[in-house]
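Notes to accompany the following structure.
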Amino acid sequence: MRHFLSLVDFSKEEILDILALAKKIKNDAKAGKHEDYMHKKILGMIFEKSSTRTRVSFEAGIYELGGVGLFLSSNDIQLGRGEPMKDTARVISRMVDMVMIRTYEQEKLEEFAKYSKVPVINGLTDKYHPVQLMADYLTIMEEGLDKDLIVAYIGDGNNMAHSWLNLAAKLGFELRIATPKAYQVNKEILEKALEDAKVSGAKIVVGFDPKEAVKDATVVTTDTWISMGQEAEKNMRIKEFRGFMVDEDLMKLANKKAIFLHCLPAYRDYEVSEAVLEGPQSRIFDEAENRLHAQKGIMVWLDKRRDS
């Protein structure tokens, strides 16, 4: 049995296999062909952090695969009253076929997976956001930019930056990250990515200059400066991230065919300008839709390996 907790746990071949499956399921659906890959299977969806895209994409996705999703907020189950994660895992995994968790600490997710009898998917933690990266890369593939790919990530060295490090190190493309000095990526995650890059051939550069990072890039991406739970830091973060907004002037430094990605929600004229977000290079809504398709691929791939 396999879990989907971070991209570190997967080989290049496995990541591309999941994406190929996602693309097939998407193309079949667009052609009106719907296969019940997960007939009458139940997906438990545990939310300690609320979300628009994660809930809708997983709930719609399992339904379109022939199954059903159960929305479980921490207020609805005993986690909200202090039940240990391992007890919740041992109970819920006896009643459902797969679990998706969107929470804060990666350690809580890993503890749940350790005691679960069914595959567990990371819907987001403070450390990683792997399902988003699968959607992002599916979008990149559809744009034909996966060959000679150069990704520039601008902004906070957060879970999105960490997952970009994971993906680049596995697939072997060039990744440039530019963050303010006080918001750098996790040192251990960076070291692991640099070690894996020796095998894959990835080029990973981490610095503090957005213009340097974006020059000739084929994908420019960012994330909110104020994630859920960081609202009290808003004014300080806005000040410290000055100069890191992706605007038209910054996009002009990228490759002419470059696209802009953002995992959403986006705060206009903070991490990205309105002109870029709504401009011709933006693919944010294709990217958002691909959460649905990428996650279908992940669920089906995991389900096929449940007994292996």
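Going through (1) over 21 Å from Lys211 (Cβ atoms); (2) within 18 Å of the chain's Cα centre (by Cα); (3) not β-branched (Val, Ile, Thr) one by one, Arg305 falls short only on (2).
Which residues, taken from the range 58-82, are in contact (Cβ under 8 Å) with a residue 24 or more places away in the chain, in a helix (DSSP H, G or I) and among the aromatic types (Phe, Trp, Tyr)? Scanning the range 58-82 gives a single hit, Phe58. Scanning the range 1-30 for residues that are farther than 16 Å from Gly123 by Cα, at pLDDT 95 or above and assigned to a loop (DSSP other than H, G, I, E, B) returns Phe10, Ser11. When Glu274, Glu278, Glu289 are checked against the criterion of being under 18 Å from the mean Cα position of the chain (by Cα) and charged (D, E, K, R), a single residue qualifies: Glu289.
Sub-9 Å Cβ pairs linking a first residue in the range 27-56 that is under 28 Å from Lys117 (Cβ atoms) and loosely packed, with under 14 Cβ neighbours inside 10 Å to a second residue that is at pLDDT below 95 and not hydroxyl-bearing (Ser, Thr, Tyr), at least 6 apart or interchain, are Ser50/Met228, ordered by first then second residue. The set of residues in the range 252-302 being buried (at least 21 other Cβ atoms within 10 Å of the Cβ), assigned to a helix (DSSP H, G or I) and not hydrophobic (A, V, I, L, M, F, W, C) consists of Glu287, Asn290, Arg291, His293, Gln295, Lys296, Gly297. Being more than 15 Å from the chain's Cα centre (by Cα), crowded, with 23+ Cβ neighbours inside 10 Å and either in the same structural domain as Leu175 (by TED's automatic domain parsing) or under 24 Å from Asp247 (Cα atoms) (or both) is a property that Gly155 has.
When Val214, Val205, Val199 are screened for being surrounded by 14 or more Cβ atoms within 10 Å (Cβ to Cβ) and either β-branched (Val, Ile, Thr) or farther than 26 Å from Leu138 by Cβ (or both), only Val214 passes. Within the range 128-147, the residues that satisfy the criterion of being of a type in the set (D, E, K, R) and out of contact with any Leu (no Cβ under 9 Å at 6 or more places or on another chain) are Glu142, Glu143, Lys147. Selection over the range 83-120 of residues that are within 10 Å of Ile46 (Cα to Cα) and assigned to a strand (DSSP E or B) gives a count of 4. The residues on offer are Ser57, Ser50, and the sole one that is at pLDDT below 90, within 23 Å of Ile298 (Cβ to Cβ) and hydroxyl-bearing (Ser, Thr, Tyr) is Ser50. When the range 141-152 is limited to residues that are touching a helix residue (DSSP H, G or I) at 6+ places or on another chain (Cβ under 7 Å) and closer than 14 Å to Glu287 by Cβ, the one that is surrounded by the most Cβ atoms within 10 Å (Cβ to Cβ) turns out to be Val151. Give the range 41-89 a look and list any residue that's charged (D, E, K, R) and either more than 18 Å from the chain's Cα centre (by Cα) or not assigned by TED's automatic domain parsing to the domain that holds Leu21 (or both), or say none. Result: Lys41, Glu64, Asp76, Arg81, Glu83, Lys86, Asp87. Within the bounds of the range 185-194, is there any residue that is at pLDDT 95 or above and buried (at least 23 other Cβ atoms within 10 Å of the Cβ)? Looking for residues that are at pLDDT 95 or above and buried (at least 23 other Cβ atoms within 10 Å of the Cβ), one finds at least one in the range 185-194, hence yes.
The values are calculated or read from the model by the stated rules, or taken from the named source; none is laboratory data. Predicted model, so just to flag it, every value in this text is computed and none were measured. Glycine also receives a Cβ, built like all others from the backbone with ideal geometry; neighbour counts cover every protein chain displayed.
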